[in-house]
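Readers should treat all values here as calculations from the given coordinates under stated rules, not as data from a laboratory. All figures in this text were calculated on a predicted structure; none of them were measured in a lab. Don't worry about glycine lacking a Cβ; one is built from the backbone with ideal geometry, like all the others, and counts go over all protein chains shown.
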Amino acid sequence: MTAGILLLTIFLPWAGALFVWLVGNDRPRLQHSLAVGFSVAGGVAGLALLALGSPDEMVVLSIGGAFGNFSFRPDGLGVFLATIATVIGSLAVIFSVDYMRHEAQLGRYYALVLFFIGSMSGLVLTGNLFLMFAFWEMTALCSYALISFYNDDPKAVAGGIKALVMTQLGGIGLLIGAILSYSYLGTVEINVLLDKAELLPSNVLGIMAFGFLIAAAAKSAQFPFQTWLPDAMEAPTPVSALIHAATMVNAGVYLLARFYPAFAGVPGWQEAVMVVGMLSALLAGLMALVATDLKRVLAYSTVSQLGYMVYAVGAGGVFASQFHLFSHAIFKALLFLGAGAVIHSAGTRDMREMGGLGKQMPFVRTVFVIGALALAGIPVLNGFWSKELVLEAGLQGGATWMFGVMLFTAGLTALYTFRCVWMVFWGEPHHPAHLHDAGPAMKTALAPLAFGTLFSWLLAGSFSHLLEKTLPYHDIHAVSLVEILEEVIFAPATWIALGVVALGVLTWVFRDSLRLWQEVFAGIGQTARQSFGFEWLNQAVVRTTIQVAEDLRNLHTGVLNWNVLAIALTLLVVVVILALGA
Amino acid sequence: MFYLPNIVLVVVLALLGIGIYCILISRNLIKIVVGLQIAVKGAFLALVLAGKLASQIDVGQSIALTVIVADTIVAVVALALAVQIRRKFGTLDVHALMSLRR
């Protein structure tokens, strides 16, 4: 029963991808219906799986035993991320019905989106490291292909390649970890690895821990890989909402949380994780403050919020990080889809050309404001509870100065969120034409997300019970909802954070009286606009690579005989090394 | 000295050497395919020999059989390509086919 439903969350979207692709682009109506049908069925399977999570149930697909079997394990961490992937995936597909209505090549679009949803479920549910690596790369491939979906736009193609290259770098870290696990423990079963982590030599465990950290940082667009996510915003907006806000970028945080029990003892690892999270949160928050492209603001804020989750994992707050991940997935998908509705009707992504859209798009304004309040951490929305839990975990498990930086970033978040909402929905209208509100399919997708943003924090208690029951190695103590609420309300950290958030909001409200300060910080704004030099660094790496390739070009003779000679000589060298070694 | 595995080993090395040498010096595509075939025949023999020496004769022979299938496909495709190249470019000289270089 559980096994069947688990496999359905992977194979229903994949089957949908196949059918949509086979139908062909001549019948767009059928493609829309098929995609919605299969993704919603996948979402239902995901929700059913949520009720069935348990540590003992396992699905094992035997592949002959060479690298262990393909195993899937419906435990708390995996089940709830699979639910997020399938449910938000189905909402993004429903949204696409309006958003992609008259686009060409729908088959390619829907096939990749559905393929992504299935791969994401597989990534979080599998219990085999090699299989995890395979799913990891599948999601990267879908992400790349969907960023470059408008493949006649050079910016989209460049953004896709950038995302692909950077996440590949991370994938190497994951693969090295899997190979080390196989060579030292003889297995790639994740639970065996967690169980026997202390049997590994400490340097090997260290390599694995930091390799996984690189993998997570690249996938979750954390420092120093944060530059790919803003460029990924060339993708169609439902894709940004699904892949680059709600699901795929969470895979890094998921990886860190999954392996936290094994790596927590590695010296320096927890501190490194916290510093990575903190720097990402701070730098991305500053960049969001000066960006003028609506989707880029949201992308920077995604990096910033992911920084909070990474920081929480480093501080030992696995539950806090996963809870914030859950809240963030809902409200950020809501914000992105709301932004998609705005962009779809305004025809631009530049916030300076918007303004005063609130009156013309009342529904979108309402849901967007709900999402924005959650992002800013205003009670009693879901973002408030989870962010407070993260900050509290950080105060308990990490240095106080880091907590201070995260507090400052919380204020920054409130500031840039209000700036963004104001520039889009209030203020002077810069757009002459009358704009239409969101279409019916868009509203169908936005309403459940807004509802979730308002009420998903009520699930915190059962979520922590699920995690305690199903994660034998993580040492998570179940707490009921009331206990969590009491803990948050009575913690001094909460009130400090609320004060900082209020300060951020006030900074925006009284921005005119603070002109003097704006000029003081103009220099920081200027560096933030240039992404603190990381863009330059990326360009430098690309330039060097191209230059080296140019220089080595002479080796590329194209003469078959030379190639064979090189192969034969290498073979000889290998034989000699083997002979000497033996 | 005239122990059977030694003789087989000499044959393996000879086949591999002849094959690689053939690929190394010939410019004609058909000859290169022939050289490749000779080298791969050495590899079959090596697999069977390795199976025998490790007293896993069945494994060695079944892998050798698999390689025979793969190798046949390689030969067929390579010869088909050679035919097409001859038709399109009018030559089988690999040096004349260099288009990668500026």
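So which lysines pass the test for residue B:31, namely a Cα distance under 25 Å, with those fewer than 8 places away in the same chain ruled out?
Candidates past the 8-residue exclusion: B:41, B:88.
What aspartates and glutamates could a cross-link reach from residue A:295, if we take a straight Cα to Cα line under 12 Å and drop same-chain neighbours fewer than 8 places away?
Cα-Cα hits under 12 Å: A:231, A:234, A:350.
Compute the relative contact order of chain A as a whole-number percentage, counting only Cα pairs closer than 8 Å that sit 6 or more residues apart in sequence.
This gives 13 percent for chain A.
Give the aspartates and glutamates whose C-alpha is closer than 19 Å to that of residue A:387, dropping any in the same chain fewer than 8 places away, or say none.
In chain and number order, the partners are A:483, A:486, A:487.
What are the ³J(HN,Hα) couplings of region A:443-450, residue after residue, when phi is run through the Karplus curve with 6.51, -1.76, 1.60 and θ = phi - 60°? Round to Hz, x for glycine and proline.
5, 4, 7, 6, 4, x, 5, 5
Please list the equivalent ellipsoid semi-axes of region A:541-581, computed as the square roots of five times the alpha-carbon gyration tensor eigenvalues, in descending order and whole angstrom.
Whole-Å semi-axes of the equivalent ellipsoid: 29, 16, 5.
For region A:1-136, what number results from the quotient of the Cα radius of gyration and 2.2 N^0.38 Å?
Compared with the compact-globule rule of thumb, region A:1-136 sits at 1.08.
Measuring from the lowest to the highest alpha carbon on each principal axis, how far does region A:450-582 reach, largest first, in angstroms?
Result for region A:450-582: principal-axis Cα extents of 75, 54, 32 Å.
Chain A: longest stretch without exposed trypsin sites (Lys or Arg not before Pro) (DSSP loop, at most 16 other Cβ within 10 Å), sites themselves excluded?
That would be A:197-358.
Please give the Cα centre distance for region A:428-499 versus region B:59-102, rounded to the nearest Å.
Measuring centre to centre over Cα atoms gives 60 Å.
Is it possible to state the helix-based mean residue ellipticity at 222 nm for the protein assembly as shown, with each DSSP H run of 4+ residues giving -39500 (n - 2.57), the sum divided by total residues, to the nearest 500 deg cm²/dmol? What is it?
-25000 deg cm²/dmol
Could you work out the equivalent-ellipsoid semi-axes for chain A, taking the square root of 5 times each eigenvalue of the Cα gyration tensor, largest first, in whole Å?
Sorted largest first and rounded, they come to 36, 29, 27 Å.
Roughly how large, in nm² to one decimal, is the mean projection of the convex hull of the alpha-carbon atoms in region A:355-394?
Its Cα hull, projected and averaged over all orientations, spans 3.2 nm².
For region A:111-117, just list the computed ³J(HN,Hα) in residue order, Karplus coefficients 6.51, -1.76 and 1.60, θ = phi - 60°, integers in Hz, with x standing in for Gly and Pro.
Result, rounded to whole Hz: 4, 5, 4, 5, 4, 4, 4.
Rounded to a whole number, what is D in µm²/s for region B:4-90 from Stokes-Einstein with the Kirkwood radius over alpha-carbon pairs (4 °C, 1.567 mPa s)?
93 µm²/s
Ranking request for peptides A:69-77, A:177-185: highest mean number of other beta-carbon atoms within 10 Å first, then the rest in descending order.
For the peptides A:69-77, A:177-185, the packing ranking is A:69-77, A:177-185.
How long are the semi-axes of the ellipsoid equivalent to region A:199-317, from square roots of 5 times the Cα gyration tensor eigenvalues, in whole Å, largest first?
28, 14, 10
Provide A:512, B:93 in ascending order of the number of other Cβ atoms located within 10 Å of each residue's Cβ, fewest first.
A:512, B:93
From the backbone phi of region A:341-352, what are the Karplus-calculated ³J(HN,Hα) couplings (6.51 cos²θ - 1.76 cosθ + 1.60, θ = phi - 60°) in whole Hz, Gly and Pro given as x?
Computed from phi, the couplings for region A:341-352 are 4, 5, 5, 4, 8, 7, x, 9, 10, 7, 5, 5 Hz.
If the viscosity is 1.567 mPa s and the temperature 4 °C, what translational diffusion coefficient in µm²/s does Stokes-Einstein give for region A:421-516 when Rh comes from Kirkwood over Cα pairs?
The estimated diffusion coefficient comes to 71 µm²/s.
Just checking the output field for B:84-96: average partner chain Cβ neighbours within 10 Å of each residue's Cβ?
Mean number of neighbouring Cβ atoms from other chains: 1.
Give me A:430, A:556 ranked fewest to most by other Cβ atoms within 10 Å of their Cβ, as a rough exposure proxy.
Going from least to most buried by this count: A:556, A:430.
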